[in-house]
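For reference, the structure discussed in these notes is given below.
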Amino acid sequence: MLLNIPDVLTPEELAECRSVLGEAEWVDGGATAGFQSTLVKRNMQLPEASPAAKRLGEVVLDALSRNMLFSSAALPARIFPPLFNRYESRQGFGNHVDNAIRQSSGSGFRVRTDISATLFLSAPDEYEGGELVIDDTYGAHSVKLPAGHLVLYPASSLHRVEPVTRGARTASFFWIQSLVREDAQRSLLFDMDMAIVRLRRQIGDDEAVLALTGVYHNLLRRWATV
Ligand code: NI
C-alpha cells in the first residue's frame, strides 16, 4: 500500500524542524548505507546520534502518535528513530530496496522494516527534481508532497530519489515494524477500518457497525504479532 498522509506536522512543528535543520551539521549520507546502496546513494544526512536528530526525531514521533490515519495504516509495533536527509546540487539516490533490518547505532534497538516512510520538510517549489519514485506491480509512482506531509510505502519496494537539479530537498525518513507484517493483510485492515469510520459517521453505532468492528478486531487478533 502506498499512502499519502497530509499535515502530519503542525505549522509550528514544521517551522521548528526547518529552523533546526537550517543550522545543523550535515555529513555524507553514504556513511549509513548498506553495501548495494552505497553505490547509488548521494546525499547528506544528520548524524544519527546528534542532538538535532534526537530532538527532531521526538517531534516527528510525537506527531505520529496523535495521527489516527498513520496508526490505522501502519499498525506500528516499533518505529525506527527518525533520520533526516538533504539532497542538493544534483544529488539523488538510485534504485534500491531498503535493508530488511535496521539497528539503531549504540542502543541496539532493532526494527524489521515492514514499511518505509518519508516526511517531506521542503515545499515542492523550493526544489526541482527530488521526486521519490516507488515501483509496485501497477508501475512507477512519483511522489513529491507538500512540507509536513508523509508518504508510507512497503519497505520491500524498489525505489529511488531523482536528482535534485535546483534548490534543496530536506526530509525525515524512517521505518516501521508493523504488528501486521504482510502488506496485503495490513491494507485490508486499513480499508475496513476506514469504511467502518465512514459508516459510523453516516448511521451511528448501528448493530451492523458493531458487528463489522468486531470482525476488524478479530482479523487483527488473527494476524497481529506482538
Ligand atoms: Ni530507501
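The values are calculated or read from the model by the stated rules, or taken from the named source; none is laboratory data. Just so it is clear, the model here is predicted, and its values are computed rather than measured. As a convention, Cβ positions derive from the backbone with ideal geometry for all residues, glycine included, and neighbour counts pool all protein chains shown. Ligands, DNA and RNA are stripped out before the accessible areas are found, and what is left, the full protein with its side chains, is counted by its heavy atoms. Shrake-Rupley method; radii C 1.70, N 1.55, O 1.52, S 1.80 Å.
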Output the number of the condition that PHE120 fails; it satisfies all remaining conditions of (1) open to solvent by less than 10 Å² (accessible area, probe 1.4 Å); (2) more than 15 Å from the ligand (Cβ to nearest atom); (3) in contact with a Ser or Thr (Cβ under 9 Å, 6 or more places away or on another chain).
(2)
Under the condition of being β-branched (Val, Ile, Thr) and not in a loop (DSSP other than H, G, I, E, B), which residue from the range 176-226 is nearest to VAL60 (Cα to Cα)?
ILE176
Does the range 27-38 contain any residue that is assigned to a loop (DSSP other than H, G, I, E, B) and assigned by TED's automatic domain parsing to the domain that holds PRO124?
yes
Can you give me the number of residues within the range 183-206 that are of a type outside the set (A, V, I, L, M, F, W, C) and either over 25 Å from the mean Cα position of the chain (by Cα) or open to solvent by 60 Å² or more (accessible area, probe 1.4 Å) (or both)?
8
Of all residues being farther than 24 Å from SER178 by Cα and in contact with a Ser or Thr (Cβ under 9 Å, 6 or more places away or on another chain) in the range 127-154, which is surrounded by the fewest Cβ atoms within 10 Å (Cβ to Cβ)? Just the residue, please.
GLU128
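Just one of VAL209, VAL180 is out of contact with any Pro (no Cβ under 8 Å at 6 or more places or on another chain), touching a residue at least 60 places away in the same chain (Cβ under 8 Å) and open to solvent by less than 20 Å² (accessible area, probe 1.4 Å); which is it?
On inspection, the qualifying residue turns out to be VAL180.
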